[in-house]
Amino acid sequence: MTAMRYLLILLFLPLLTGQASAKIVTKEVYYRPGNDILQGYLAYDDGIEGARPGVLVFHEWWGINDYIKRRTEEIAKLGYIAFAPDMYGRDIRPKDYKEASELAGILRGDRTVMRIRAKEGLEVLRENPLADKKRIAAIGYCLGGAVALELAGSGAEISGAVSFHGSFGALNSGGGDAKNIKAKILVLHGSEDRAVPMKEVLFFQEEMRRAGVDLRMNIYDGAAHSFTNPASGNDPSKGVAYNEKADKESWEAMKRFFGEIFGKR
C-alpha cells in the first residue's frame with residue numbers, strides 16, 4: 001500500500017509552542033481509500049529529529065472538531081506524531097445532536113466499516129516518514145474510544161489502545177474478538193457513565209481476562225460520560241459532564257501508559 005494512494009493534499013499550519021526553537025506543525029491530510037475522500041488532522045513537533053512513536057486520535061461523534069484538534073496537538077507536544085483519522089468523510093461534520101447521533105449510529109451499526117476506516121487511518125500514519133511503524137498506539141474519546149478498541153480487536157499491529165469514556169462494541173458481544181488483540185489496553189471510565197454503565201465495564205473486563213489480554217482500567221468516581229470535554233458542561237443529570245479532576249488524572253494515566261509501551265524516545 002503506497003503513500004500515493006492516500007496522500008492528496010497537505011496544508012501546513014504552523015502552531016508556535018513555548019519553545020523558541022521548535023513548533024507544532026499541523027496539517028489537514030486528505031486521503032482517498034477506495035471511492036471515499038477523508039479529511040484527517042496531523043500534528044508533530046518539528047524540533048524532534050527522525051522517527052518517533054505515533055498516536056492515532058479517534059474523534060467523538062462530533063467528528064474532527066476543535067476539541068479533537070486540540071487533543072491531537074497536545075499529543076504532539078508530548079513528542080509523538082499524532083494523527084486524527086476521519087471516520088465520517090470529507091466535510092461531513094455534524095451540526096447538531098441529531099446529526100451526530102445518526103452518523104455515529106451508522107458506524108456502530110456496521111463494525112466492518114468502522115474497522116476499515118480505523119485501519120485506513122493507521123495506514124496513513126504508518127506511511128508518514130516521521131512515524132516509527134513499530135511503535136504506534138490508538139486513543140479515542142466516546143465514539144472514538146470504541147473505535148480504538150475495535151482497531152485492537154481487529155488484530156491490528158499496534159502497541160496499545162486507550163479508551164476515554166468509550167463503549168466496547170463487538171468486544172462485549174461474547175463473539176471471541178478479544179482473542180485477536182495483540183495490543184495492551186487502557187480503559188479510562190467514569191463511575192457515573194450512564195451511556196456505558198458499570199455492568200458493561202465489568203463484562204468487558206471479564207472478556208479481556210478470558211482472552212488473556214493485558215488490560216488495565218481506571219474508574220473515576222463521580223465522573224459522568226464525556227468527562228474529558230469542557231463542552232459537556234457541568235450538569236451530570238444531563239448524562240454528560242466535564243470533570244476536571246478525572247480529565248487531568250486520565251491524561252496522566254495515558255502518559256504513563258505511553259511510557260510503558262513505547263519506552264524512552
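Going residue by residue through segment 36-55, is there one that turns out to be touching a strand residue (DSSP E or B) at 6+ places or on another chain (Cβ under 7 Å), touching a residue at least 60 places away in the same chain (Cβ under 8 Å), within 23 Å of Gly169 (Cβ to Cβ) and of a type outside the set (Gly, Ala, Ser)?
yes
Residues checked against (1) more than 24 Å from Phe258 (Cβ to Cβ); (2) hydroxyl-bearing (Ser, Thr, Tyr); (3) surrounded by 13 or more Cβ atoms within 10 Å (Cβ to Cβ):
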| site | (1), (2), (3) |
| --- | --- |
| Ala178 | no, no, yes |
| Lys184 | no, no, yes |
| Phe204 | no, no, yes |
| Arg210 | yes, no, no |
| Ser226 | no, yes, yes |
| Asp235 | yes, no, no |
| Gly239 | yes, no, yes |
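Residues of segment 236-248 being part of a loop (DSSP other than H, G, I, E, B) and modelled with pLDDT under 95, which ones?
Within segment 236-248, just Gly239 meets the criteria.
What number of residues within segment 167-194 are within 17 Å of Gly145 (Cβ to Cβ) and either within 18 Å of the chain's Cα centre (by Cα) or β-branched (Val, Ile, Thr) (or both)?
Count: 14.
May I ask you to list the residues in segment 57-95 that are of a type in the set (A, V, I, L, M, F, W, C), in a loop (DSSP other than H, G, I, E, B) and in contact (Cβ under 8 Å) with a residue 60 or more places away in the chain?
Trp61, Leu78, Met87
Could you list, ordered by first residue, the pairs with Cβ atoms under 7 Å in which the first is in segment 234-248 and within 10 Å of Ala224 (Cα to Cα) and touching a residue at least 40 places away in the same chain (Cβ under 8 Å) and the second is surrounded by fewer than 19 Cβ atoms within 10 Å (Cβ to Cβ) and of a type in the set (Lys, Arg), at least 6 apart or interchain?
Gly239/Arg194
Here's the yes/no breakdown for (1) under 13 Å from the mean Cα position of the chain (by Cα); (2) of a type in the set (Ser, Thr, Tyr); (3) at pLDDT below 95:
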site: Tyr41; (1), (2), (3): yes, yes, no
site: Phe58; (1), (2), (3): yes, no, no
site: Arg111; (1), (2), (3): no, no, yes
site: Val124; (1), (2), (3): no, no, no
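Quick test of your reading of the structure: Arg93 fulfils all but one of (1) modelled with pLDDT under 95; (2) surrounded by fewer than 16 Cβ atoms within 10 Å (Cβ to Cβ); (3) closer than 25 Å to Tyr44 by Cβ. Name the failing condition by number.
It is condition (2) that Arg93 fails.
The rows are residues; the columns are (1) touching a residue at least 24 places away in the same chain (Cβ under 8 Å); (2) not charged (D, E, K, R).
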| position | (1), (2) |
| --- | --- |
| Tyr97 | no, yes |
| Glu102 | no, no |
| Arg115 | yes, no |
| Glu123 | yes, no |
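The values are calculated or read from the model by the stated rules, or taken from the named source; none is laboratory data. Nothing here was measured: the structure is a model prediction, and the numbers come from that model. FYI the Cβ positions are ideal-geometry reconstructions off the backbone, even for glycines, and counts take in every protein chain you see.
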